[in-house]
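Read through the structure below, which is laid out as structure tokens, and then see the notes.
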Amino acid sequence: MSLADISANLLYIAFIAYLIASFVFGGAVKGNKEGSFASEKRWGNVAFTITIIGFIANLGYFFTRWAAAGHPPLSNMFEFTTAFGMTLVGGFIILYSLYRTPVLGMFVLPIALLIIAYASMFPRELSPLIPALQTNWLAIHVSTVVIAEGILAISAGAGLIYLLKVVDQTKKSKQRFWLESLMYSLVLVLGFVIISSFFTLTNYEADFTYVDQDGRDSSITYEMPPIFGMNEYVALTEEAMTPLVSTPAVVHAGKLTTVTWSVLIGTILYWLIRLVSRRRISQIFQPMLKNVNLQLMDEINYRAIIIGFPLFTLGGLIFAMIWAQIAWSRFWGWDPKEVWALITFLFYAAYLHLRLGKGWQGEKSAWLAVIGFAIIMFNLIVVNLIIAGLHSYA
Amino acid sequence: MEKMQCQCGHENPPGTILCESCGRSLTEKEQNSKLVDMRYEGTARRSQTYNKSIIDKIWNFFSSVKVGVSIIVVLLVASAIGTILPQHMYVPATGEAAIRDYYADVYGVVGQIYHFLGFHDLYSSFWFIILVGMLAISLIIASLDRFVPLHRSLKNQRVLRHYSFMNKQRIFAEGEGAEDSFQKAESKLKELKYKVSTDKNGLLAEKGRFSRWGPYVNHIGLIIFLFGVMLRMMPGFYVDETLWIREGETRSIPDAPGYYLESESFALETYTGEEEEARFGDAIERVGSVVKNYQTDVVLYQSQEGSLPGSADEKEVLTEYPIRVNQPLKFDGYALYQMDYKLNELKSMTFVLTNKASQEASEEFTIDLINPADFYELEDGSTVELLGYYPDFDGFENGEPRTATPLPNNPGFLVEMVTPETPEGETSFIIIQETIEPFGENQYELKFQSAETRHVSGLTVRKDRTLPILGLGGLIFMIGVAQGMYFNHRRFWIQQKADGTFILAGHTNKNWYGLKKDLDEVSSFASLPAYTDQQEEIEKQEKKEGDEVK
């Protein structure tokens, strides 16, 4: 077995360990019906041990892949997103050892699983570094950012738990709507993972040529049946389905097709869950959160941000600027990724001022933490895949 | 406004909430509250005190947290809008009209509106810069408004505080102690690294005061950073030029007087996917090819002192260096970056002069496409004169050939050929794969034989003397953030009353858990009376009342 294979297997092990640990954490929380914290503690510790084993395998994946590729595995969409899943678990481990809260694991681990699964939908082979990435700053800048984002995501996890507990599900309200939208968007990611695994396993491929927005001839391979066709497309694969709609050059129909499939499957899945359980997803979790200490969740939310914010500033702005000065001759160029790092910084700065200066704690803080996570995910997914820029390596 | 006189006799500046000397509450609101507001030590902040003149109003506007956060949010939203479509520097069009057309052509109506609103150049727009300026003003004013009184108050702290100050602290204790409680508490607090000062029957123990300056330190860092960014607009601080240099050429470096650069060669390498790189085989196959290296091998020269600018021979070699991405050549505050390239630019073209009828050809001669000679003399006495040279021919204008750029992309030559057979000369216009004979059929023609090409490197010349200032700003910001976030300011006041009983109060700006842990240790060692967390008591009380109402 080559080093690269060992690395891939270690990632599977980590994935499965996280999966098991999610259920055990869930059991620990759920088994605690009469408020018997003894069983919560015992099962919590079992789940935590499984998480640690998974995390060690995950680190094993990271360093064996590093050895196999000869450079830190942080250079494309698969590698970065997988690392994000890993640091999310790392952040959880830190905060769990401080506060011993199984409920956090019950929410954070499934999110980490979703992120790792999402990452695996991108090309996974070892890829060589383009000249701009051939420097130690790759390891320094990207690892700091990914650790910071993992920790910031924990704050959103605590915020989410807080909201699931306090938002009144019996009355129609803005809060109830947005919280459910949040759950819905998580299901959409699951929809993407399902549909993209399905078409990958069935080896679906359809080739087209098209004319891009600058008038050049290009070609594209669809990995899902084309709902939308590229500008002036010509099908090269005969048995492929004919696109239902043709789009103008400025719209990337291939990406739009992927998004549409994911939304379609995700929405079906969402309504299935609702029909079977006969409630909103946020309602399903509410009974499990009876024993959650809200003050503690608020504390974790804040604590994660005061660790994550300075780290993010260091990695996402300061190290980023130093490297940009070396590689691109200017420390700042208003590239979309740079701008969204600045937006993330400004957002968390606003959070801290509102919390420390205006007394925004509890529910308000929880909403802000969740929005912060949304900004991070936007920067990871939308800015990389849709808004083209210097950072679009995937 | 008048000074505020406290019962203890101390004169406080107008607007003070808690007497600077004894800590008594001076305002009615504060007197009626269960706990004192310790945020800024009850000092008089200018923004909370004056609101008459226009200066007061401006000051109050910028010192408000609400306004500061609003500016941050507006900046955040504006920045996001600027990423919806690419900024003008990232679109493949130059010139104002071409850029406008590009947005309209590629993005349709949305693009037109985006361009019309100026969002294509959002980050250097007037209003965006004003917003950043407002943020800077807010940083300065909001910091001064809080820092000055806070500093004054913490510097002049008294050990003995009034009872009403002590019992309105969140942590408070009152009752019997042991005989040696006072001395024991003092020694224990010192052991816990508190700075202890005593006055008569009281003591003040304090730790981590510097953490109170954290927010102001990080704001100073940001202001220094923004100042550095502003400095770049000053002449001499900032150079940003492009230098296109061909293999074999020596050029003076723009905006770097006295320095010359020679390009020896440019190379573009791609990954082969073989041997060492076999592990990348799949990825290379998927995307086609991946670039491994862009490199310009250069020699840097400096003209000798005293020599005239441009005199070619008086140059001293400073260094030879391979410029690569991530490895700029640095000298004298400048840096040269590998940024762009053009492969296989035409360097020269070789022709023969041929008699069309006999197909008899002269020997070859070569025209340099950058600095072509005007006159070419051949062995048999024939001559070729270059009447006109059009390096990037793109058609005729009023019957005259025209060149689009000075680069030899599509060279056109207007030549007069004189041979012993045609002494009056024949005129011909030659472009690649085509010969035009404007004055009728010629007997002779120039036949293209071969061409030489070479690569061109696009280098960026950069000098940025603001970098150390920006670095300093960033460093100070990080120090300030750590200082304010990871440390806290803890204080205890202890007094032994005449009857031997004790009163004790504690305060911290954050992390009450840590403060209580310290106090537990001191209390048990020195047998001080048990304390209560009055905030928690109040919350419990409120909750109970709330439940009863339900």
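For the stretch B:3-70, what's the relative contact order in percent, using C-alpha pairs closer than 8 Å and at least 6 residues apart? Write out the running numbers ahead of the final one.
Details: 69 pairs, mean separation 15.1, N = 68.
Relative contact order comes out at 22 percent.
Could you quote the convex hull projected area for chain B, Cα atoms only and averaged over all directions, in nm²? Don't jump to the answer; show the numbers that get you there.
Details: hull surface 190.7 nm².
Approximately 47.7 nm², given one-decimal rounding.
Run through every distinct alpha carbon pair of the stretch A:267-316 and return the Kirkwood hydrodynamic radius in angstroms, one decimal place. Display every interim value, and only then the final one.
Working: mean 1/r = 0.0721 Å⁻¹.
In the stretch A:267-316 this quantity evaluates to 13.9 Å.
Can you compute 3J(HN,Hα) from phi for each residue in the stretch B:30-37, using the Karplus curve 6.51 cos²θ - 1.76 cosθ + 1.60 with θ = phi - 60°, rounded to whole Hz and x for Gly and Pro?
Working through the residues one at a time gives 6, 5, 8, 7, 6, 10, 7, 8 Hz.
Pick out, in residue order, every one of the trypsin sites (Lys or Arg not before Pro) in the stretch A:93-189 that is DSSP loop and has at most 13 other C-beta atoms within 10 Å; say none if there are none. Can you show the working numbers first?
Details: sites: A:ARG100, A:ARG124, A:LYS165, A:LYS171, A:LYS172, A:LYS174, A:ARG176; in loops: A:ARG100, A:ARG124, A:LYS171, A:LYS172.
Sparse-neighbourhood loop trypsin sites (Lys or Arg not before Pro): A:LYS171, A:LYS172.
Under 5 Å between amide hydrogens, which residues at least 5 positions from A:SER75 or on another chain qualify, with H placed 1.01 Å from N in the peptide plane?
A:PHE80
On a straight-distance basis, which lysines could pair with B:LYS184 in a cross-link, Cα separation under 20 angstrom, same-chain partners fewer than 8 positions away excluded?
By straight Cα distance, B:LYS184 reaches B:LYS193, B:LYS195, B:LYS200, B:LYS207, B:LYS497, B:LYS516, B:LYS517.
What quantity of accessible surface, computed with a 1.4 Å probe and excluding non-protein components, is buried in total between chains B and A, in Å² to the nearest 100?
Working: alone 31470 and 18840 Å², together 45910 Å².
Using a 1.4 Å probe on protein heavy atoms, the buried area is about 4400 Å².
Does the stretch A:103-261 come out rounded, prolate or oblate, given a ≥ b ≥ c as the square roots of the eigenvalues of its C-alpha gyration tensor, rounded meaning a/c under 1.5 and, failing that, prolate meaning a/b above b/c? Could the numbers behind the result be given before it?
Working: a/c = 2.33, a/b = 1.44, b/c = 1.61.
Because a/c hits 1.5 or more and a/b fails to exceed b/c, the stretch A:103-261 counts as oblate.
Put +1 on the Cβ of every Lys and Arg and -1 on every Asp and Glu Cβ in the stretch B:404-550; which of B:LEU446, B:PRO406, B:MET478 then has its Cα farthest towards the positive end of the dipole?
Result: B:MET478, furthest along the dipole toward the positive end.
Looking at the stretch A:268-370, which trypsin sites (Lys or Arg not before Pro) are DSSP coil and have at most 11 other C-beta atoms within 10 Å of their C-beta? Kindly include the intermediate steps, with their values, before the conclusion.
On the way: sites: A:ARG274, A:ARG278, A:ARG279, A:ARG280, A:LYS290, A:ARG303, A:ARG330, A:LYS337, A:ARG355, A:LYS358, A:LYS364; in loops: A:ARG278, A:ARG279, A:ARG280, A:LYS290, A:ARG330.
Loop-located and lightly packed - A:ARG278, A:LYS290.
When ligands, DNA and RNA are left out and all protein chains stay put, how many square angstrom of accessible area per residue does the stretch B:376-459 have with a 1.4 Å probe?
On the way: 4480 Å² over 84 residues.
So the stretch B:376-459 comes to 53 Å² accessible per residue, rounded to a whole number.
Order the peptides A:198-207, B:538-547, B:117-126 from the highest to the lowest mean number of other Cβ atoms within 10 Å of their residues.
Packing order, densest peptide first, comes out as B:117-126, A:198-207, B:538-547.
Among rounded, prolate and oblate, which fits the stretch A:232-337 when a ≥ b ≥ c are the square roots of the eigenvalues of its C-alpha gyration tensor, a/c under 1.5 means rounded, and a/b larger than b/c means prolate? Write out the running numbers ahead of the final one.
Values: a/c = 4.57, a/b = 1.08, b/c = 4.25.
Oblate, because a/c is 1.5 or more while a/b does not exceed b/c.
Quick one, what does Rg over Rh come out to for the protein assembly as shown if you take C-alpha atoms and the Kirkwood Rh?
Working: Rg = 36.1 Å, Rh = 33.8 Å.
In the protein assembly as shown, Rg relative to Rh is 1.07.
Between the stretch B:1-21 and the stretch B:468-505, what is the C-alpha centre distance in whole Å?
25 Å
Against the longest alpha carbon principal axis of chain B, how many degrees, from 0 to 90 and to the nearest 10, is the axis of helix B:181-191 turned?
10 degrees
Once you sort the root eigenvalues of the Cα gyration tensor of the stretch A:38-82 as a ≥ b ≥ c, which label holds: rounded (a/c under 1.5), prolate (a/b larger than b/c) or oblate (the other case)?
On the way: a/c = 7.07, a/b = 2.94, b/c = 2.40.
Prolate.
Using +1 at the C-beta of Lys and Arg and -1 at the C-beta of Asp and Glu, which of A:ASN293, A:VAL276, A:ALA304 has the Cα lying farthest in the positive direction of the dipole of the stretch A:250-315?
With unit charges placed on the Cβ atoms, the residue in question is A:VAL276.
In percent, how large is the relative contact order of chain A, given Cα pairs closer than 8 Å and 6 or more residues apart? The partial results should precede the final answer.
On the way: 562 pairs, mean separation 70.2, N = 394.
Reported relative contact order: 18 percent.
Could I get the Rg over Rh figure for the stretch B:265-419? Both from C-alpha atoms, Rh via Kirkwood, rounded to two places. Don't skip to the answer; put the middle values down first.
Working: Rg = 23.1 Å, Rh = 20.6 Å.
Looking at the stretch B:265-419, the ratio lands at 1.12.
Using θ = phi - 60° and the Karplus relation 6.51 cos²θ - 1.76 cosθ + 1.60, list the HN-Hα couplings for the stretch B:120-125 in order, rounded to whole Hz, with x at every Gly or Pro.
Per-residue couplings from phi come out as 6, 10, 5, 6, 10, 6 Hz.
One quarter of the convex hull surface, Cα atoms only: what value does that give for the stretch A:91-143 in nm²?
Working: hull surface 21.3 nm².
Projected over every direction and averaged, the Cα hull of the stretch A:91-143 covers 5.3 nm².
Take every residue in peptide B:453-465, count the Cβ atoms of other chains within 10 Å of its Cβ, and give the average of those counts. List each step's numbers first, then the result.
Details: counts 0, 0, 0, 0, 0, 0, 1, 3, 1, 3, 0, 4, 0.
Rounded to a whole number, the mean comes out at 1.
Roughly how tilted is helix A:3-30, in degrees to the nearest 10 and between 0 and 90, from the longest Cα axis of chain A?
That works out to roughly 30 degrees.
Compute the helix-to-body angle for A:102-119: its Cα long axis versus the longest principal axis of chain A, expressed 0 to 90° and rounded to tens.
Between helix and principal axis, roughly 0 degrees.
Over chain B, what relative contact order in percent results from Cα pairs under 8 Å that are six or more residues apart?
Details: 960 pairs, mean separation 102.9, N = 550.
Computed over chain B, the figure is 19 percent.
Gap in Å between the Cα centre of the stretch A:312-331 and the Cα centre of the stretch A:164-194?
The stretch A:164-194 and the stretch A:312-331 have Cα centres separated by 36 Å.
Which one of B:HIS120, B:PRO92, B:ALA104 is farthest out on the positive end of the charge dipole of the stretch B:6-148, using unit charges on Cβ (Lys, Arg +1; Asp, Glu -1) and the Cα centre as origin?
B:HIS120
Express the carbon and sulfur contribution to the solvent-accessible surface of chain B as a percent, rounded to the nearest whole number, probe 1.4 angstrom. Can you show the working numbers first?
On the way: 15630 of 29240 Å².
Summing carbon and sulfur atoms, their accessible area is 53 percent of the total for chain B.
Using θ = phi - 60° and the Karplus curve 6.51 cos²θ - 1.76 cosθ + 1.60, what whole-Hz ³J(HN,Hα) does each residue of the stretch B:211-217 get, with Gly and Pro shown as x?
Those phi angles translate into 5, 5, 8, x, x, 6, 5 Hz.
Roughly speaking, to the nearest percent, how much of the stretch A:301-394's 1.4 Å accessible area is carbon and sulfur?
On the way: 2210 of 2980 Å².
Carbon and sulfur together cover 74 percent of it.
Across the residues of B:275-283, average count of Cβ atoms on other protein chains within 10 Å? Please list the in-between numbers first.
Details: counts 0, 1, 3, 0, 10, 7, 3, 5, 7.
Counting Cβ atoms of other protein chains within 10 Å of each residue's Cβ and averaging gives 4.
With every protein chain kept in place and ligands, DNA and RNA left out, what is the accessible area per residue of chain A? Probe 1.4 Å, answer in Å². Show your work: numbers first, answer last.
Working: 16680 Å² over 394 residues.
In whole numbers, chain A has 42 Å² accessible per residue.
Given charges of +1 on the Cβ of Lys and Arg and -1 on the Cβ of Asp and Glu, with all other atoms neutral, how large is the dipole of the stretch B:384-535 about its Cα centre, in debye to the nearest 20?
Details: 12 positive and 20 negative charges, 547 e Å.
My answer is approximately 2620 debye.
Let me know the mean shielding of A:348-357 by other chains, meaning the per-residue number of their Cβ atoms within 10 Å of its Cβ. Intermediate values should be presented prior to the final figure.
Values: counts 0, 6, 8, 2, 5, 7, 4, 0, 7, 9.
Average per residue, whole number: 5.
Taking H as built 1.01 Å from N, whose amide H comes closer than 5 Å to the amide H of B:TYR341, not counting residues under 5 places away?
It is B:GLY458, by chain and number.
The values are calculated or read from the model by the stated rules, or taken from the named source; none is laboratory data. Given the structure is predicted, the values throughout are model-derived calculations rather than measurements. A quick note on method: Cβ atoms are made from the backbone with ideal geometry, for glycine too, and the neighbour counts reach across all protein chains shown. Side chains included, ligands, DNA and RNA excluded: accessible areas come from the protein's heavy atoms. Shrake-Rupley method; radii C 1.70, N 1.55, O 1.52, S 1.80 Å.
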